[in-house]
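The values are calculated or read from the model by the stated rules, or taken from the named source; none is laboratory data. The structure displayed is predicted, hence computed values, not measured ones. Counting neighbours? That spans all protein chains shown, and the Cβs are built from the backbone with ideal geometry, glycine included. Side chains included, ligands, DNA and RNA excluded: accessible areas come from the protein's heavy atoms. Shrake-Rupley method; radii C 1.70, N 1.55, O 1.52, S 1.80 Å.
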Protein chains: 2
Amino acid sequence: MINLTSIRYINTIVKTDSVKSLFYKEYGEPADVLHVTTQPINQPKNNEVSVKWLLAPVNPADINTIQGKYPSKPPLPAIPGNEGVGEVIAIGSNVKHLSIGDRVIPNGTNLGTWRTYANYTSEELMKVPKEIGTIEASMLNVNPCTAYRMLKDFVELKPGDTIIQNGGNSAVGQMVIQLCKVWNYKSVSVVRDRPNIQELKNHLSSLGADEILTENEIRKTQIFKSKKLPSPKLALNCICGQNALEISRHLAHGGIMITYGGMSREPLTVPISALIFKDITFKGFWMTAWTKKNMDSIERQNMFCELGALFKNKKLKAPLHKLVPFHQYQEAVINALHTDGRTGVKYILDMTKP
Amino acid sequence: MINLTSIRYINTIVKTDSVKSLFYKEYGEPADVLHVTTQPINQPKNNEVSVKWLLAPVNPADINTIQGKYPSKPPLPAIPGNEGVGEVIAIGSNVKHLSIGDRVIPNGTNLGTWRTYANYTSEELMKVPKEIGTIEASMLNVNPCTAYRMLKDFVELKPGDTIIQNGGNSAVGQMVIQLCKVWNYKSVSVVRDRPNIQELKNHLSSLGADEILTENEIRKTQIFKSKKLPSPKLALNCICGQNALEISRHLAHGGIMITYGGMSREPLTVPISALIFKDITFKGFWMTAWTKKNMDSIERQNMFCELGALFKNKKLKAPLHKLVPFHQYQEAVINALHTDGRTGVKYILDMTKP
């Protein structure tokens, strides 16, 4: 039970003193192994704050974690969720850098955001300006950062340079398109063909995409000749398989392909000549590992500062998404694995509707 | 016809004033498209020297070039051969840095070493000390340099670190084993199984190999646990296909695989998890490109200096080889594609038996 003498404020939304959490005791399909539990809210310790979680995205990596297929395995039983946005509703007496009413996001992984409330040390949280919308804030940690780092850390890009990516309508893909627009890089995005392809192309164009091609179109495209587009120095790959192979063929000599996902579930196939004669490099990127390694780095501070400003100024917009009331979590976890690339819609749990 | 007034010396081996050359007018199988031509020796111009080629290795890349399958395509008709050792038998009046009697190797590619004599500018040649045996000198340009650069340029290795390679008995593979021995790196070499496997293992052990495993053995090996061998930071791959996949599994987190050949003619298959979660990098290496880019560099000078000293001190030995009289070139070109990895024997054309 919360001790009202130790806290200075409770958000008006708080109508109950219980916590609803999703949790799992064994790995498996989320729809099977996830259950809702209700517990009383604990008073925050002296170095802790109480967070009322507002929104929490459901990422493919969350699903893979629950399935036990992800390398980052929390001890069981576990509460899922790596991303989210919450509000500080109570603070312990020793907490200095956070105040009641602050909007916070996780500063690390496996904080278990798929619940209505929880207590954390202040180091586990990062304050975000309120000018960033709640939806944008809820997904600040993973996708925008992934796009940002992949565009910054592997090749020195100059305005006018080209990048190419598959999964152009994935949550990361849409961030890549927008960041390229901001930094004046040309982006070539490959998407899967679908009945409403023109609608999708229009949407990505509105975000600032320069070229959008289907998997079929990229195979025979002449845009690098006919439109005098410089060959890309950087390819971003979240699909692998044949799709990635087609993408890699367009890379400039000495270019690099960064793999950050494998939605096709096929390995990456690399022609010998691409390695030896075209001097193409193939590397991977994992945001979780980057964050762990750079937790307190200037680079990380600068990144959040820059991304925050871009969200505030509406230069970056959240990808297509659907809010799902917390108690209807089944819809989100069943569909989340298909969000990247297929539907292009990201599912977000809405804890204000517990 | 050679003008005797302009030259100061003719090697005593010179019994004739004609040049025998192998040449091809069209791409195809070397046994079909190669022909012998005989021409008079031309007098060297003022800035040229006349070289009597003594030995010239037949590399798989030479065969691929003749087949038209290699990216480095000399204009046709062409005289094949990128490596060799020769003796300066005449010098033009303006040549300063070479003398008659000097032993030379090509300083660049496509010099056409598969002939008995030719004239070159002094910049096209590099002098090598006579203490280096002719066989070793004839193959100094490609294989030892390839092994040297791959061990130097991609990972900072410390004594005690492990590297892993396939094609352990290839010409490059044997150089890798010996350089690892010199520099105190542990080498794990994978070779194809064969009837005389113990003989091969003994040979590679005698060169300083730490561990030699067949493709079958590498799949289930526990040497990295049982022998407390550090996981390799560097893998060298000239095979690709399933073989390279097995090798890559043993790499340490953050390790790198360098591909410099693809004897299996299969592409490289890269599991997604190796890229994203193990942070493995896949790159290629092409000695030809390195040489072009670093022709006059200190790094190249230092490399030849160091390799030359190692050959002189017998710390490096030439790989298993077979000298083939020049007129029996058919035997060499038919077997050369199989030298890497299969027979482990390198064919060398002997121009002293034209």
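At a 1.4 Å probe radius, which order do B:Asp296, A:Asp193, B:Asp350, A:Asp210 fall into by accessible area, largest first?
B:Asp296, A:Asp193, A:Asp210, B:Asp350
Ignoring ligands, DNA and RNA, how much accessible area is buried between chains B and A, both sides summed, with a 1.4 Å probe, to the nearest 100 Å²?
The contact between A and B buries close to 2000 Å².
Could you tell me the accessible area of A:Trp286 in Å² (1.4 Å probe, neighbours in place), rounded to the nearest ten?
A:Trp286 has an accessible surface of roughly 40 Å² with all protein chains in place.
Largest first, what is the accessible-area ranking of B:Lys314, B:Lys228 with a 1.4 Å probe?
Largest accessible area first, the list is B:Lys228, B:Lys314.
Could you give the accessible area per residue of the protein assembly as shown, probe 1.4 Å, as a whole number in Å²?
That works out to 42 Å² for each residue.
How far, in nm to one decimal, is B:Lys225 from itself in the other copies if the label point is set 7 angstrom along Cα toward Cβ? Shortest first, please.
5.5
Tell me which residues come under 5 Å, amide H to amide H, from B:Asn119 once H is placed; ignore anything under 5 positions away on its chain.
The answer is B:Val51.
Give me the residues in segment B:259-292 whose solvent-accessible area, probe 1.4 Å, is reduced by at least 40 Å² once all protein chains are included instead of the chain isolated.
B:Pro267, B:Leu268, B:Val270, B:Ile272, B:Leu275, B:Ile276, B:Phe277, B:Thr281, B:Phe282, B:Lys283, B:Gly284, B:Trp286
Placing a label point 7 Å from Cα toward Cβ, how far apart in nm is A:Asp193 from its equivalents in the other copies, listed shortest first to one decimal?
4.5
Tell me, what ³J(HN,Hα) does each residue in segment A:205-218 have, in order and in whole Hz, if you take phi through Karplus 6.51 cos²θ - 1.76 cosθ + 1.60 with θ = phi - 60° and put x for Gly and Pro?
4, 5, 7, x, 4, 7, 9, 10, 10, 7, 4, 5, 5, 5
Distance in nm between label sites at B:Asn196 and B:Cys305, each 7 Å beyond Cα in the beta-carbon direction?
Once both label points are built, they end up 4.1 nm from each other.
Only Lys, Arg, Asp and Glu count, each charged at its Cβ (+1, +1, -1, -1), so figure out the dipole size of the protein assembly as shown about its Cα centre, rounded to 20 debye.
Computed about the Cα centre, the dipole is about 480 debye.
Which residue in chain B puts its Cβ closest to the axis that rotates chain B onto chain A, and at what distance in whole Å?
Reported as residue, whole Å: B:Phe282, 2.
What lysines does A:Lys233 reach when the alpha-carbon gap must be under 19 Å and sequence neighbours fewer than 8 apart in one chain are set aside?
A:Lys152, A:Lys158, A:Lys181, A:Lys186, A:Lys225, A:Lys278, A:Lys283, B:Lys283
Check which residues have an amide H placed less than 5 Å from A:Gln43's amide H, if you skip close sequence neighbours.
It is A:Asn3, by chain and number.
Pull up all non-local amide H partners of A:Asn141: gap of 5 or more, or a different chain, and H-to-H distance under 5 Å with H placed in the peptide plane.
Here A:Gly84 satisfy the definition.
Would you list which lysines come within 29 Å of A:Lys45, measuring only between C-alpha atoms, while excluding same-chain residues fewer than 8 positions from it?
Once the sequence-local lysines are set aside, what remains near A:Lys45 is A:Lys15, A:Lys20, A:Lys25, A:Lys73, A:Lys96, A:Lys127, A:Lys130, A:Lys292, A:Lys293, A:Lys353.
Kindly work out what percent of the DSSP beta bridges joining two residues of segment B:142-288 are antiparallel, to the nearest 5.
Antiparallel bridges make up about 0 percent of those DSSP assigns within segment B:142-288.
Would you look at the GNM of chain A, springs on alpha carbons closer than 10 Å, and say which of A:Leu157, A:Leu125, A:Leu275 moves the most?
Fluctuation is largest for A:Leu275.
Keeping all protein chains in the complex and leaving out DNA, RNA and ligands, what accessible area do you get for A:Lys25 with a 1.4 Å probe, in Å² to the nearest 10?
Roll a 1.4 Å probe over it and A:Lys25 shows about 140 Å².
Can you give me the C-alpha center-to-center distance between segment B:218-240 and segment A:223-240, rounded to a whole angstrom?
A separation of 36 Å, based on Cα centres.
Add -39500 (n - 2.57) for each DSSP H run of 4 or more in chain A, then divide by its residues: what number comes out at 222 nm, to the nearest 500 deg cm²/dmol?
Helix-only estimate at 222 nm: -8000 deg cm²/dmol.
In degrees, nearest 10, range 0 to 90: what is the angle between the Cα axis of helix A:143-152 and the longest Cα principal axis of chain A?
Rounded to the nearest ten degrees, it is 40.
Counting only DSSP beta bridges with both residues in chain A, tell me the antiparallel percent, nearest 5.
55 percent
Quick check on the protein assembly as shown: of the DSSP beta bridges with both residues there, what percent are antiparallel, nearest 5%?
Just about 55 percent of them are antiparallel.
Ordered shortest first, which distances in nm separate the 7 Å Cα→C-beta label point of A:Leu323 from those of the other copies?
8.6
Specify the residue with the greatest mean-square fluctuation among B:Leu245, B:Leu316, B:Leu34, computed from a Gaussian network of chain B linking alpha-carbon atoms under 10 Å apart.
Judging by the Gaussian network model, the answer is B:Leu245.
Can you pull the percent of segment B:142-288's accessible area that's carbon plus sulfur, 1.4 Å probe, other chains left in place?
Using a 1.4 Å probe with all protein chains present, segment B:142-288 comes out at 49 percent carbon and sulfur.
Among A:Asn237, A:Asn110, A:Asn216, which one shows the biggest mean-square fluctuation in a GNM of chain A, springs joining Cα atoms closer than 10 Å?
Among A:Asn237, A:Asn110, A:Asn216, the largest GNM mean-square fluctuation belongs to A:Asn216.
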